[in-house]
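See structure below.
FYI, it's all coordinate maths here, none of it is from the lab. Not measured: the values here are computed from a predicted model. Backbone-built Cβ (ideal geometry, glycine too); neighbour counts: all protein chains shown.
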Amino acid sequence: MIIKDENGRIDILSLGFDELCEQITALGEKKFRAAQVYEWLHIKQVDSFDKMTNLSAQFRVRLAEVFCLKSLFIVKKLESNTDNTLKYLYRLPDGNHVEAVVMDYNHGTTICISTQVGCKMGCNFCASTIAGFRRDLLPSEMLLEIYTAQRDCGRKISGAVLMGIGEPLDNYDNVMCFLELLSNDKGMNMSLRHVSLSTCGLVPKIKELAALKLGLTLSISLHATNNETRSGIMPVNKKYSIEELLDACKYYFAQTGRRISFEYALIDGVNDSPENADELYKLLGGFVCHINIIPVNKIKERNYSSSRKNAQRFRKMLEERGLNATVRRTLGADINAACGQLRREYEI
């Protein structure tokens, strides 16, 4: 994707390999130079053209004239004392801030990244939306959330979750470009089967994503079992009802064969009753899916609460009805690792 900064320089990290080849050969260089540059950017993940030491000094100067190489600054880093979870607050080149969280699992290290600065969706239990929407993140900036964390913590990141600040499908073109760069076999070469994308339910974009058959895991932020409750906590439901959303999910499964994960933030007294369990069975019974129950995160601007004990109780109710459900493992609880909280506290 060709994106230029305020000085007219091309954002080099947002270029696909073929695009980079076109740009480098247009400068009069051989195609193999583009492969060298791409390796420096996406495998060695340097943050300066000066560090591309197998290129001539003259060529490096020319690169800096034509291209910009963005970087993120780590404003704050929190490290869990219980499970090695790391939470980063990054400052973007324009002074905005986003968050990323690095988590260790038995199968490897995964990073949860942001896709926007703020969020338009207005889910009223989420800290990410309170400060409002600023702008979309560029493909390069999403990559840099991963590259910067890897450089800092020294861990090889093998999976990514697009569940941080922002709605990924509201930044569709940039996110698709990011996924192409992330999975390119000449770069980081991350299998998209190790990538999860979470959406609150932008139905047309779910169908567009299905047509691409990327192999990633689609996670749906459901959080309610009827339209009245869901519209009350998630404004997107007023545009795309639960019925429309589930139709899109069935289409996604038919196109990709990939099991869908339904995220369910449990809120005491709102969506945790036996009647809710019955309604969820009516919605998802027979559907090839997994339900991920999440005790709602406490944020000071809202009076919502839940507990793991209540989440386990609700999980048992779902399993008794034949639904596949688990309670999300809590990581980084001692550092408020849920998305949006650190940025919100820092910018107040």
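A few points about this structure:
- Calculated from the structure at hand, Cα extents along the principal axes in Å is found among (i) 63, 44, 36; (ii) 70, 41, 36; (iii) 74, 57, 38 as (ii).
- Ordering Val236, Val296 by the number of other Cβ atoms within 10 Å of each residue's own Cβ, fewest first, gives Val236, Val296.
- Label-zone membership for region 163-183, site Ile2, 7 angstrom Cα→C-beta point, backbone N under 20 Å: 173-178, 180-181
- Too-long pairs where the Cα-Cα distance tops 20 Å, listed order kept, from Lys207/Lys239; Lys282/Lys316; Lys87/Lys156; Lys207/Lys250; Lys4/Lys87: Lys4/Lys87
- Semi-axes of the equivalent ellipsoid for region 1-81, computed as √(5λ) from the eigenvalues of its C-alpha gyration tensor and ordered from largest down, come to 25, 15, 12 Å.
- Sparsely packed loop sites in region 1-92 (the GluC sites (Glu not before Pro) outside DSSP H, G, I, E and B with at most 12 other Cβ atoms within 10 Å) comprise Glu6.
- Each of His223, His42 was scored by other Cβ atoms within 10 Å of its Cβ. Arranged with the fewest first, they read His42, His223.
- In terms of surrounding Cβ atoms within a 10 Å radius of their Cβ, Val66, Val37 rank from fewest to most as Val66, Val37.
- Eligible lysines near Lys309 by straight Cα distance, threshold 22 Å, same-chain separation 8 or greater: Lys298, Lys300
- Percent antiparallel among DSSP beta bridges (both partners in the chain, rounded to 5): 45 percent
- Springs between Cα atoms under 10 Å define the GNM used for the chain, and in it the highest mean-square fluctuation of Gln58, Gln150, Gln36 occurs at Gln58.
- Near the amide H of Ile291, within less than 5 Å, lie the amide hydrogens of Phe262, Asn324, Ala325, Thr326, all on another chain or at least 5 residues away, with H placed in the peptide plane.
- Coupling constants for region 227-235 follow from the phi torsions by the Karplus curve (6.51 cos²θ - 1.76 cosθ + 1.60, θ = phi - 60°), and in residue order they are 5, 5, 5, 5, 5, x, 10, 9, x Hz; glycine and proline get x.
- In this entry, region 86-145 is assigned a mean projected area of 4.8 nm², taken as a quarter of its C-alpha convex hull surface.
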